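What follows is one structure encoded as structure tokens, with my remarks underneath.
The values are calculated or read from the model by the stated rules, or taken from the named source; none is laboratory data. Small disclaimer: the values here were computed from a predicted structure and weren't measured. Glycine also receives a Cβ, built like all others from the backbone with ideal geometry; neighbour counts cover every protein chain displayed. Areas reflect the complete protein model, heavy atoms only, side chains present, ligands, DNA and RNA absent. Shrake-Rupley method; radii C 1.70, N 1.55, O 1.52, S 1.80 Å.
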Amino acid sequence: VVEYSQKALAGGDKQEALKLALETMPEKNGPLTPAYIPQSQKALADALGVYDLADGFKRYKVVELPGNPLMMRIGPDGKTAACIYEGFVAVINTETAEIVVTLPVETSVLAEVRYLDDDRIAYAGRDKIAVYDIARGMEIWSGRPATAIAVSQDEKTVAAIYKEDTFASVYDANDGRVKCEVDFQGKYQGVAENDGFANPNDNLLALNEDGTLLAVSFEDGSLQIFDFKDLQNVG
């Protein structure tokens, strides 16, 4: 009967759903009367429209993607989200659940996307790092191939590494000008043997607040901090 109630509710007949739900909950009239089962209580609450989970999540919107999500970031203002799936990044309007634009990305599960501000994303495009302006619907600038991407907190600097490259490129976030390249002296970040299948998610690439320091982890387990003012000053 609970199942009948759920089907009636799914079909839009709330009155029938309520009637059936109530049938599963007889009045108690003795010690042998069974207690209400949880399924009955939920069916009744659903029919009445009053059911909620205090410690859970309620589904807000659903977006169908052509492939499995690999990485997702939400914009600072919460109005858009950028989701990487197999070979593409989709920018989603979180209020309407509509895909605003789809852009090609590096065919690697290591490909990343980061928000610079409410309207701009930096992403690992095919054969390039690119910054796209969502509001204007256009690419602002592009640079060398990249997979790992970091953005300074002041949104003025972008750093990027491509797979097992032994250097990082550091860009001006506004115009794509290369500020410098950081030489890792032969070291490189850890990359899965099959980077089209699995991302170990165990690398660190991070800029400090004003984009003057870059922290990088390497395959040998070491971590180095590079000072752009003096690239010989390594911590």
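Would you mind calculating the gained length between V178 and L204 on full extension (0.36 nm times residue separation, minus the Cα-Cα distance), in nm to one decimal?
In short, 7.2 nm is gained.
With semi-axes defined as the square roots of five times the eigenvalues of the C-alpha gyration tensor, the equivalent ellipsoid of region 133-216 measures 22, 16, 12 Å, largest first.
Backbone phi angles across region 205-218, fed through the Karplus curve with coefficients 6.51, -1.76 and 1.60 (θ = phi - 60°), yield HN-Hα couplings of 9, 8, 9, 7, 4, 9, x, 9, 10, 10, 9, 9, 9, 10 Hz in residue order; Gly and Pro are listed as x. Would you please name the trypsin sites (Lys or Arg not before Pro) within region 144-195 that are DSSP coil residues with at most 12 other C-beta atoms within 10 Å of their C-beta? Those that pass, being in a loop and sparsely packed, are R177.
Which residue, G11, G87, G75, tops the fluctuation ranking in a GNM of the chain built on C-alpha contacts under 10 Å? Its mean-square fluctuation being the largest, the pick is G11. Treating r as the C-beta distance of E86 and A192 and R0 as 25 Å, the FRET efficiency rounds to 0.95. Based on Cα contacts under 8 Å between residues 6+ apart, the chain shows a relative contact order of 9 percent. Counted over the chain with a bin width of 5 Å, the fraction of Cα pairs per bin, in whole percents, is 1, 6, 12, 13, 13, 11, 8, 6, 5, 5, 6, 5, 4, 3, 1, 1, 0.
Quantify, in whole percent, the carbon and sulfur part of the accessible surface of the chain (1.4 Å probe; protein heavy atoms only).
Answer for the chain: carbon and sulfur cover 49 percent of the accessible area.
Coupling constants for region 69-78 follow from the phi torsions by the Karplus curve (6.51 cos²θ - 1.76 cosθ + 1.60, θ = phi - 60°), and in residue order they are x, 10, 7, 9, 9, 10, x, x, 8, x Hz; glycine and proline get x.
Return the Rg/Rh ratio of region 78-218 with Cα-based radii and a Kirkwood Rh.
0.95
What's the local net charge at V131, with K and R +1, D and E -1, over the other residues with C-beta under 9 Å away? With Lys, Arg at +1 and Asp, Glu at -1, the neighbours total -1. Within straight-line reach of K61, meaning a Cα separation under 20 Å, sit the following lysines at least 8 residues removed in sequence or on another chain: K79.
Amide hydrogen proximity for S108: with H placed 1.01 Å from N in the peptide plane, the residues at 5 or more positions away or on another chain lying under 5 Å are G87. Under a Gaussian network description of the chain, with springs only between Cα atoms under 10 Å, the residue in V105, V89, V182 that fluctuates furthest is V182. Gaussian network model of the chain, Cα springs within a sub-10 Å range: biggest mean-square fluctuation belongs to which of Q153, Q189, Q39? Ranking Q153, Q189, Q39 by mean-square fluctuation puts Q39 first. Annotation: peptides 210-216, 127-133, ranked by per-residue average of other Cβ atoms within 10 Å with the highest first, follow the order 127-133, 210-216. Placing R0 at 22 angstrom, the Cβ-Cβ distance between V62 and D133 gives a FRET efficiency of 0.25 after rounding to 0.05. Coupling constants for region 115-126 follow from the phi torsions by the Karplus curve (6.51 cos²θ - 1.76 cosθ + 1.60, θ = phi - 60°), and in residue order they are 8, 8, 7, 4, 10, 10, 10, 10, 9, 7, x, 6 Hz; glycine and proline get x. For D13, no residue 5 or more places off, or on another chain, has a built amide H under 5 Å of its own.
Translational diffusion coefficient of region 99-166 (Stokes-Einstein, Kirkwood radius from Cα pairs, 20 °C, 1.002 mPa s): 178 µm²/s. Exceedance of the 21 Å cut-off in Cα-Cα distance is limited, within the set K128/K163; K163/K229; K14/K42, to K163/K229.
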